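Worksheet: one structure, shown below.
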Amino acid sequence: MKYNIKITKTQNSHLSDVDFDNIPFGRVFSDHMFVAEYRKGKWEDLRIEPFGRFTIHPAAMALHYGQAIFEGMKASKSFEGKPLFFRPEMHARRFNNSARRMCMPEVPEELFLQALDQLVAIDSDWIPPQEGSALYIRPYMFANDEFIGVKPSENYRFIIFTGPVGPYYPKPVSLIAEQEYVRCAVEGGTGEAKVAGNYAASLLPARKANEKGYDQVMWLDANEFRYVQEVGTMNIFFVIDGTVVTPSLNGGILPGITRDSILKIFREKGYKVEERNISIDELMDAFDAGKLQEAFGTGTAAVVAHVSKIAIGDKVMELQPVEKRKLGEMAKKEIDGLRAGKVKDTHGWIVPVKHLELAKA
Ligand SMILES: Cc1ncc(COP(=O)(O)O)c(C=O)c1O
């Protein structure tokens, strides 16, 4: 089905103000945004309009009861300058999984993908051409009923905006296992959904980790504080005695699209890969036996971020220098190569931006 999206272009592009060689993350926004309203059981008023502020009612339900979900994805340019998405339909599906969990209406996958394509086509000049840079894309939805009282809202707003981001050169991150707090991300909770509240609940433990000198929290399961879940905004992988191991998806972990891609890449290349429970005792034993060879986080922002050290209680495990780690680097190169159009896409993960004529009209 083809959706009718009304397009109003800005008369006042600020593209020429942007220094693509020096872009602060999360602070620069492209010229346009997509907006749709959910009213009386259907999505309507589909529009692309100049990026800018909008007003909401003080009683807008999302502000009080937290029905708010989002996605984070990227468009990049191939080495030939062609704009590309990476697995956009996976993001659309995950968005709808999040919507179902939060009792919010789904956005038809076709609508999500058409809105995304047209918006990014119009602002395709905002995709930085530099290798490793990208256009970060933020689809989100929030409850917009003007009502006080706990119930699912009847009105929602779905928005997509974008902004260029520079190359991400993550320095290795230090992690501390969290043995006091849990997020809402427990089995049966909201961990496998990308909901705003999960991130709010992570902030205090993250601040305490920073005060102890660590970059990020390594979340453990909420029942026993024993099994590793994920890290900040990344899934986590370990290489133990040559085997790639990552926590299995158990309902408490966000099913990362980078995680899924990297698992497929390792399997295809013939590495031994296991998705299973990983206890902190196993990690400490592997470290003591000299078998904990690598640890890295995976996510859209960094692709792969190596872990420098992990603290579990009083035990601090310093991992081997990044130069000696092969698998994390290999996975990053492969995904960066796909995004730059330099590695052949045998999976259908790379989707070209289609309606580029909209940029000129
Ligand atoms: C909690 C959490 N885990 C994992 C990820 C990695 O997911 P993806 O690879 O889809 O970016 C993210 C980022 O979206 C996240 O916020």
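With respect to (1) open to solvent by less than 20 Å² (accessible area, probe 1.4 Å); (2) near the ligand (Cβ under 10 Å from one of its atoms), the lone exception for Arg183 is condition (1). Determine if the range 53-68 includes at least one residue that is within 23 Å of the chain's Cα centre (by Cα) and closer than 24 Å to Thr8 by Cβ. Checking the range 53-68: not a single residue is within 23 Å of the chain's Cα centre (by Cα) and closer than 24 Å to Thr8 by Cβ.
Of the strands (runs of 3 or more DSSP E) lying entirely inside the range 206-314, those containing at least 1 residues that are buried (at least 21 other Cβ atoms within 10 Å of the Cβ) and within 14 Å of the ligand (Cβ to nearest atom) span 216-220, 228-231, 234-240, 243-246, 292-299, 303-312. Quick check: anything in the range 74-88 within 15 Å of the ligand (Cβ to nearest atom), in a helix (DSSP H, G or I), at pLDDT 95 or above and open to solvent by less than 10 Å² (accessible area, probe 1.4 Å)? Among the residues of the range 74-88, at least one is within 15 Å of the ligand (Cβ to nearest atom), in a helix (DSSP H, G or I), at pLDDT 95 or above and open to solvent by less than 10 Å² (accessible area, probe 1.4 Å), which makes the answer yes. Of the residues making up the range 158-174, those that are touching a helix residue (DSSP H, G or I) at 6+ places or on another chain (Cβ under 8 Å) and over 30 Å from Arg39 (Cα atoms) are Pro164, Pro172. Does Phe70 count as open to solvent by 80 Å² or more (accessible area, probe 1.4 Å), within 16 Å of the ligand (Cβ to nearest atom) and closer than 29 Å to Gly191 by Cα? Here the answer is no, as Phe70 does not meet what is asked.
For the structure I just gave you, tell me whether Glu192 is more than 18 Å from the chain's Cα centre (by Cα) and either open to solvent by 20 Å² or more (accessible area, probe 1.4 Å) or under 27 Å from Lys9 (Cα atoms) (or both). Give the derivation first.
Working: more than 18 Å from the chain's Cα centre (by Cα): no; either open to solvent by 20 Å² or more (accessible area, probe 1.4 Å) or under 27 Å from Lys9 (Cα atoms) (or both): yes.
So Glu192 fails the test.
Quickly run through the range 89-102 and pick out the residues that are in contact with a Lys or Arg (Cβ under 9 Å, 6 or more places away or on another chain) and either away from the ligand (no atom under 16 Å from the Cβ) or open to solvent by 40 Å² or more (accessible area, probe 1.4 Å) (or both).
Across the range 89-102, the qualifying residue is only Asn97.
The set of residues in the range 349-361 that are open to solvent by less than 50 Å² (accessible area, probe 1.4 Å) and closer than 17 Å to Lys74 by Cα comprises Trp349, Ile350, Val351, Val353.
The values are calculated or read from the model by the stated rules, or taken from the named source; none is laboratory data. Only a predicted model underlies this, so the values are computations on that prediction, with no experimental measurement involved. With ideal geometry, Cβ positions are generated from the backbone for all residues, glycine too; neighbour counts draw on all protein chains shown. Areas reflect the complete protein model, heavy atoms only, side chains present, ligands, DNA and RNA absent. Shrake-Rupley method; radii C 1.70, N 1.55, O 1.52, S 1.80 Å.
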